[in-house]
Amino acid sequence: MSLISQHVRTKNEVIKSKREVVDDVKNNDTLKARKRKKEFEGEEVKEMKKLESFLFGSLYSPVEFGKEDEEVEPGKAAEKVSDLFFTDRSADTVLSVYQKEDADLSEGNRGHDDERALQRKPVWVDDEEENATVNIAKVFRLRKLRKGEDEDLISGSEYVSRLRAQHVKLNPGTEWARVDSKTDRGSDDESTDDENEAIVSRGFEDLDGVLKTNEDLVVKSGAKLLPGHLEYSRLVDANIQDPSNGPINSVQFHQNGQLFLAAGLDRKLRFFQIDGRRNTKIQSIFLEDCPIRKASFLPDGSQVIVSGRRKFFYSFDLVKARVDKIGPLVGREEKSIEDFEVSPDSQLIAFIGNEGYILLVSTKTKQLVGTLKMNGTVRSLAFAENGQQLLSGGGDGHVYHWDLRTRTCMHKGVDEGCINGTSLCTSPSGTHFAAGSDSGIVNIYNREEFLGGKKQPIKAIENLTTRVDFMRFNHDSQILAICSGMKKSSLKLIHIPSYTVFSNWPPPNRSLYYPRCIDFSPGGGFMAVGNASGKVLLYKLHHYQHA
């Protein structure tokens, strides 16, 4: 056998070698096709991203000048996207979002760290807020954010905080939205409230200040009312469901803040439930022989005293729903006992009588228990010291202080500039009293200084030009309302203790017609104004959160 014949491959080996060559060629073609496809897909993805960035902005990375054409890796782009957005879950920088602990805590430390499973960290802090300053005294609409009369410049962060608090104040929460969840009972991961069946995740039980109440964040309910601008809004008329056919002479809120009475010359005594939306009518009583000049709740809320230009008066028992006619008073010949005041302790009713007499009637027996006599005619009365003292004024221009325990006059002083006194009003705290005259001037006095002999008033209000018919302090003595029924929209609200008139009252684009009586709700949230057209206008005072 020759050397050549020894290395000649068999026929099967030749066929196998050809097959391997063909497979190698096919594999190379497949790899090249896959590579070309991958490159095409990569170019297509880049082109799509470039088109999206052109149409919708920089989605994957913030645009930088000189680097618009540079390619951004998808991993780095995803990291940069998270820096573009944040969630503001707080009303102040003190409030923050909560992050869970890492899941790789050891079993030994897990029980100890369950109580602080959620940590409070601020998401984002703007340094420019501290550097910026805002003048809240210069801009008229920002003055309501002041905490003091002389405050003007505040920091940017404080400005943001007060804006948020003002929003919460003007938009209080609702009762049904409260989640009064309790601590967990027998569950490790969640706690259930029995009443609302609300499930609260563990660690969120301490968010009562923000998530579970509608309390103000910055401005508290006891904050002082600032002068100048009064925030209010007009609501549905208090007697919208049953307007009066005659002038309204008396309006008053019950001590519970919801029951409200309105009475006038149409001889009807009406009761409403005040909510500011519907003001549902509860009941009306028609007194056939008595056009009502005045109606008033007893301070304890048990009765309503009604009087007119008659020798008698009416008593309506709210508990028994019974109307009693009382009078004429024994030993007196008054033809009219239409004006009166009720003592704060609900023990006495002081009627204005003839020739300077003041008639004292017991609320229990409805009998005359005593009389007081002053010089001139009596035109106005006001109680003080929880019913132990009585102020009176009238035609001689003096203000009398009476001690009702001894039935004697303890002080008599001249009301400065007054010839004929027409109205008196004392503050609920008893520190101040206001005296109005037929010239339209209202003098505000400190009662202790007046009793001590000081004749000068603290302030003389000269905004009314006609006779002062009615005055009323609100519950915390920060507002004094004065009105005259002889001129349209002649109603002023005075801020105490600055003794200045609110500039935005009465409403410039709305007429109050001829106001005749005013009353504030026990919590100060509502103010009702009765006028000569038979309507009772209702307003919400935003500074006060409760009716």
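The values are calculated or read from the model by the stated rules, or taken from the named source; none is laboratory data. Quick caveat, the model's predicted, so the values are computed rather than measured. When we count neighbours, we look across all protein chains shown, and the Cβ atoms used for this are built from the backbone with ideal geometry, even at glycine. With ligands, DNA and RNA removed, areas are computed over all heavy atoms of the protein, side chains included. Shrake-Rupley method; radii C 1.70, N 1.55, O 1.52, S 1.80 Å.
Descriptive notes on the structure:
- Residues that are more than 18 Å from Gly257 (Cα to Cα) and surrounded by 13 or more Cβ atoms within 10 Å (Cβ to Cβ), drawn from region 285-300: Ile285, Leu287, Cys290, Pro291, Ile292, Arg293, Lys294
- Tally, over region 523-543, of residues that are open to solvent by less than 10 Å² (accessible area, probe 1.4 Å) and in a loop (DSSP other than H, G, I, E, B): 3
- Residues of region 498-516 satisfying the condition of being aromatic (Phe, Trp, Tyr) and within 24 Å of the chain's Cα centre (by Cα): Tyr499, Phe502, Trp505
- Qualifying residues in region 508-522 (those that are open to solvent by less than 20 Å² (accessible area, probe 1.4 Å) and out of contact with any Ser or Thr (no Cβ under 8 Å at 6 or more places or on another chain)) - the one nearest to Arg278 (Cα to Cα): Ser521
- Screening Glu449 on (1) over 28 Å from Arg277 (Cα atoms); (2) modelled with pLDDT of 95 or more; (3) not in a loop (DSSP other than H, G, I, E, B); (4) not basic (Lys, Arg) shows it passes everything except condition (2).
- Qualifying residue in region 419-427 (condition: in contact (Cβ under 8 Å) with a residue 24 or more places away in the chain and assigned to a loop (DSSP other than H, G, I, E, B)): yes
- Just one residue in the set Ser503, Ser511, Ser477 is within 28 Å of Leu259 (Cβ to Cβ) and assigned to a loop (DSSP other than H, G, I, E, B); that residue is Ser477.
- Leading residue by the ranking (farthest from Ser362 (Cα to Cα)) among those in region 301-325 that are small (Gly, Ala, Ser), out of contact with any His (no Cβ under 9 Å at 6 or more places or on another chain) and surrounded by fewer than 20 Cβ atoms within 10 Å (Cβ to Cβ): Ala321
- Residues in region 370-417 that are assigned to a loop (DSSP other than H, G, I, E, B) and within 23 Å of Ile479 (Cα to Cα): Asp415, Glu416.
- Only a single item in (1) without any contact (Cβ under 8 Å) to a residue 40 or more places away in the chain; (2) more than 30 Å from Asn171 (Cβ to Cβ); (3) assigned to a loop (DSSP other than H, G, I, E, B) is not met by Gly485, and it is number (1).
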